[in-house]
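The values are calculated or read from the model by the stated rules, or taken from the named source; none is laboratory data. Here the structure is a predicted model, which means the values were calculated and not measured. Here the Cβ positions follow ideal geometry from the backbone for every residue, glycine too, while neighbour counts run over all protein chains shown. Heads up: the accessible areas ignore ligands, DNA and RNA and are worked out on the full protein's heavy atoms, side chains in. Shrake-Rupley method; radii C 1.70, N 1.55, O 1.52, S 1.80 Å.
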Amino acid sequence: MSKLRQLALGNVPIILLVVVFVIFSLLDPRFFDLQTLGNIARSTAYIGIVAVGMTLVLMTAGIDLSVGSMLYLVAVVVGQIINTAAIPVFVVPLLAIGVGLVLGAVNGFAISFLRVIPFIVTLAMLTVFRGIGLGLSDSREVNYPDVIGALGSQPILGIPLPVWVFAIVVLIAHIVVTRTPFGRQLLATGEDRAAAERAGIPVRRILFTVYVIAGGLTGLASFVAMTQLRTAAPGFGSGDEFDAIAAAVLGGTSLFGGRGSVFPGTVVGALLIQLIQTGLQFLQVDLYVTPMIQAGIILLAVFVDALRTGRLEKLTRRVVMSERTEELTP
């Protein structure tokens, strides 16, 4: 019984995803439609890529509040370059990733080498990046060529290109976290930074690298968003940092570092957020009420996840004690 309960507690995010999907499908049959599911998957790709970078940052007990403004600044810089210079299409995503890497390096340098608190650094950069973007664009929309917009609806083997990009990002990040020394060092840094330093782990380099990776992924996400939106309005990216954090936390990543997973954790969290947003749109919930309902559902899910984590740890300790007792019993 305890193993069954442990299995259920260990998969709460997936159970929540199924429950939310079933509820919205019962409330509106259009929700259970292949086209709707395809649109949800495509929409999830954009915020999901940002959430993967945020997951890596949270694993180190850090946070990045600047990703929303970073999305906007990357879109503005890249949009202005491709509108003034004829560059091949395949260079555009590389350019977006490059700009994101530079912006992420700014955060990483201040946090890892200047030892400024991540919350303060990224909160300041949230304003700085947005201000630079507004200055470069004169607070006007930056439009992208049609050839970029066409990529968003371009299917490969019947699956939209943004979904492929998201899947590749998740696969690489999952392998890095679970199969490489860097992944183990990353988790060790988040669990106990002082102990990690004593063990010889290059903590500063790990932190710098994580924020650079998060910046690069944010640049890629900005490009993916432009393939669907085709324009970067002054409000683009506002509040997306909270969706990225919520997706990571809903997927089981700890805000205090040392624990989390990209797959299935963050993927499930990003899907859950997109399901809620799409479901509320289908039900034609008032636009002013939608954010409150969405925040309430996410807060409830995080609360349930916190209860789940505590209960799971108790069950694990109980199983270990039981096994030790059996070993000692003649």
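Worth a mention:
- Environment charge of I47, counting only residues whose C-beta is closer than 9 Å and scoring Lys/Arg +1, Asp/Glu -1: -2
- Computed label-point distance, nm, for sites E141 and N39 using a 7 Å Cα→Cβ extension: 1.9
- Neighbourhood net charge (10 Å Cβ-Cβ; Lys/Arg +1, Asp/Glu -1) for T36: -1
- Values of log10 I(q)/I(0), in the order q = 0.20, 0.22 Å⁻¹, for the range 227-310 under a Debye, Cα-only, solvent-free model: -1.00, -1.12
- More than 12 angstrom apart: percent of Cα pairs within the range 160-220: 71
- The amide H of T60, built 1.01 Å from its N in the peptide plane, has G258 as neighbours under 5 Å, considering only residues 5 or more places off or on other chains.
- Spin-label model distance (nm) - I15 vs I81, 7 Å beyond Cα toward Cβ: 4.7
- Potential lengthening of the chain between R205 and A124 amounts to 27.0 nm, from the contour at 0.36 nm per residue minus the alpha-carbon distance.
- Only alpha carbons enter this Debye calculation for the range 143-193, each as an equal point scatterer, and the log10 of I(q)/I(0) it gives at q = 0.12, 0.21, 0.24 Å⁻¹ is -0.48, -0.75, -0.86.
- Accessible surface, per residue, of the chain when the full set of protein chains is kept, probe 1.4 Å, Å²: 50
- Label-reachable residues, the range 53-79, where backbone N falls under 14 Å from a point 7 Å from L255's Cα toward its Cβ: 58-59, 61-65
- With all projection directions averaged, the alpha carbon convex hull of the range 128-231 covers 9.0 nm².
- Angstrom value of the Kirkwood radius, inverse mean 1/r, which spans all Cα pairs in the range 56-160: 15.3
- HN-Hα J in Hz across the range 147-153 - Karplus 6.51, -1.76, 1.60, θ = phi - 60°, x for Gly and Pro: 5, 6, x, 5, 5, x, 9
- Cα-based radius of gyration for the chain, normalised by 2.2 N^0.38 Å, reads 1.05.
- With every protein chain in place, the chain: carbon and sulfur % of accessible area (1.4 Å): 69
- The chymotrypsin sites (Phe, Trp or Tyr not before Pro) of the range 108-160 that DSSP puts in a loop, and whose beta carbon has at most 16 other beta carbons within 10 Å, are F113.
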